[in-house]
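A short worksheet on the structure shown next.
The values are calculated or read from the model by the stated rules, or taken from the named source; none is laboratory data. Keep in mind that this is a model prediction, so the values were computed, not measured. Every residue, glycine as well, gets a Cβ built from its backbone with ideal geometry; the counts of neighbours run over all protein chains shown.
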Amino acid sequence: MQSAAAPVLNLSGENDGLEYGASVDLASGSYPRSIWGEKSSSSGGWNLKTRAELSQGMYDFNGGDTGAYVTVQGTDDDEETFFWGSAAISKGDVSPLKAGAKKVFPGDEGKFMVAPRYDFETSTAKVVLGFESDDTSAYLTVSEDDKDLLIEQKIDDSNSAKVKAGLSGLISASLTNEGDLGSTTVTLTGDEVDVEVKSDGWVAGITCDKKIVGAEPTVRFSKSLSFGL
């Protein structure tokens, strides 16, 4: 059996409309860490949110471990049109990461959406077509090489399910229960079974090969500690 413990210390605060924070991964001897700031503003009928995160040892920046991620999100006042973009900055170089937009069309039975997006790292363009109602959501993602369908269903106030399938068959299926002690999610993929429990900042999980006989499960624990500044 393999195990992993990942205590993370988070600090956060707000001042004059600027949210900021920092995090340190205490599980690693090198103490990967990051600091971030987020600013929201409104202009010309658009609500904008800009976030920058400077990190060391937490992400891969083209082979280096130090750099910054910058994201920009925007939505109109009616929350029917959205756009977003992200980039990485490292050693003076700026690399675009992802860009996308979404248009929502409200209807009597629910909301329809169209969301084109582009991944600069893989040079992949996708279009997501979606439908959302009170209890059911469905999203069809189409790219040049692949298609997949994600269906989310609210069963009752405590239980929900997700199923994702592609051209080759089932990709994943999960069932989540929300209770007084937290949430429990069981996920089945083509190769593995995963059980994860979340409660009050604690996350515990176990992943095992579907062929349980002879399999070596992986157990993980993490705790997020948050403090206001």
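Return the total of residues in the stretch 107-121 being assigned to a loop (DSSP other than H, G, I, E, B) and within 17 Å of Glu80 (Cβ to Cβ).
4
Just for the stretch 71-93: of the residues that are over 23 Å from Ser43 (Cα atoms) and crowded, with 16+ Cβ neighbours inside 10 Å, which one is modelled with the highest pLDDT?
Ranking the qualifying residues of the stretch 71-93, first place goes to Ala88.
Looking at (1) outside any loop (DSSP other than H, G, I, E, B); (2) modelled with pLDDT under 95, which one does Glu216 not meet, given that it meets all the others?
(1)
Among the residues of the stretch 142-186, count how many are among the charged types (D, E, K, R) and either touching a residue at least 24 places away in the same chain (Cβ under 8 Å) or in a loop (DSSP other than H, G, I, E, B) (or both).
6
Report, by residue number, each residue of the stretch 94-109 that is over 18 Å from the mean Cα position of the chain (by Cα) and surrounded by 16 or more Cβ atoms within 10 Å (Cβ to Cβ).
Val104
What pairs come out if I take residues in the stretch 189-211 that are within 18 Å of Glu178 (Cα to Cα) and pair them with residues that are acidic (Asp, Glu) and assigned to a strand (DSSP E or B) whose C-beta lies under 7 Å away, six or more apart or interchain?
Listed pairs, sorted by first residue: Val203/Glu196; Gly205/Asp194; Gly205/Glu196.
Going through the stretch 187-207 one residue at a time, which ones are part of a strand (DSSP E or B) and over 25 Å from Ile151 (Cβ atoms)?
Ser199, Trp202, Val203, Ala204, Ile206, listed by residue number.
Scan the stretch 125-136 residue by residue and report those that are assigned to a strand (DSSP E or B) and either surrounded by 14 or more Cβ atoms within 10 Å (Cβ to Cβ) or out of contact with any Phe, Trp or Tyr (no Cβ under 8 Å at 6 or more places or on another chain) (or both).
Of everything in the stretch 125-136, those that are assigned to a strand (DSSP E or B) and either surrounded by 14 or more Cβ atoms within 10 Å (Cβ to Cβ) or out of contact with any Phe, Trp or Tyr (no Cβ under 8 Å at 6 or more places or on another chain) (or both) turn out to be Lys126, Val127, Val128, Leu129, Gly130, Phe131, Glu132, Thr136.
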